[in-house]
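Asker: Questions regarding the structure given below will be posed in turn.
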Amino acid sequence: MKPLHQNDFGANLRRRLGGSLRIAIVGIGDELSQVDRLGMSVAQEIEKLHLPGIKVFLAGTMPESLTSPLRAFSPDHVLFLDSADMGARPGTIDIIKPGKIHASLVSTHALPLSVVMKYIAKDSKTRVTLLGIQPNIAQHDTGLSGEEVEYLNQNLADLYTIIRDIGDKQAR
């Protein structure tokens with residue numbers, strides 16, 4: 001997969017989120033694991049932006065536990081954020097298509113994420129997208145290196161801009 005700022009990820013995500021006024025951001029992962037915490041960390045950063053129409057849910061390792069709160073929020077789109085071994089450069093963010101979701105070394109979920117996503121889409125009658133964030137699998141105990149953190153931050157800046165633009169539309 002190509003890095004976020006070098007492919008059409010932004011255009012694809014904008015297209016997927018187009019017309020959405022209420023977006024649920026679901027951070028997934030184990031905060032105690034260097035490899036698995038990226039989804040939670042990114043969701044927490046988005047939460048700090050306090051954007052109208054954007055609600056952040058921190059699912060940890062049990063995204064299936066959020067079905068009721070998601071239903072109550074009634075989003076137009078649910079955006080899952082999770083560490084994913086995509087075989088890409090550490091720090092890469094990309095959309096993972098439903099058919100490409102499979103258990104990997106990063107997975108700590110009680111239920112397969114694909115099952116949870118299908119259930120939420122059907123139960124909430126909403127669109128669902130999974131964004132994978134490539135951890136450094138080789139450095140399991142130390143997380144991302146300085147260069148990888150810089151690369152991730154470049155990609156996150158693009159992601160935050162997309163989310164902020166949607167929040168700005170909601171505020172108008």
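What follows draws every value from the coordinates through simple rules; no lab data is involved. As the structure is a prediction and not an experimental result, all values here were calculated from the model. Neighbour counts are summed over all protein chains in view; Cβ atoms, including those assigned to glycine, are modelled from backbone coordinates with ideal geometry.
Asker: Which of the residue pairs Lys97/Lys125; Lys97/Lys118; Lys48/Lys125 have a Cα-Cα distance greater than 20 Å in the structure shown?
Answerer: Lys48/Lys125
Asker: Residue by residue through region 9-16, which ³J(HN,Hα) values in whole Hz follow from phi under the Karplus form 6.51 cos²θ - 1.76 cosθ + 1.60 (θ = phi - 60°), with glycine and proline marked x?
Answerer: Once θ is set to phi - 60°, the couplings for region 9-16 become 3, x, 5, 5, 5, 4, 5, 5 Hz.
Asker: Return Asp76, Asp168, Asp82, Asp36 ranked ascending by Cβ neighbour count within 10 Å, so the fewest neighbours appear first.
Answerer: Asp168, Asp76, Asp36, Asp82
Asker: Determine, for Lys97, Lys118, the number of other Cβ atoms within 10 Å of each Cβ, and report the residues in order from fewest to most.
Answerer: Lys97, Lys118
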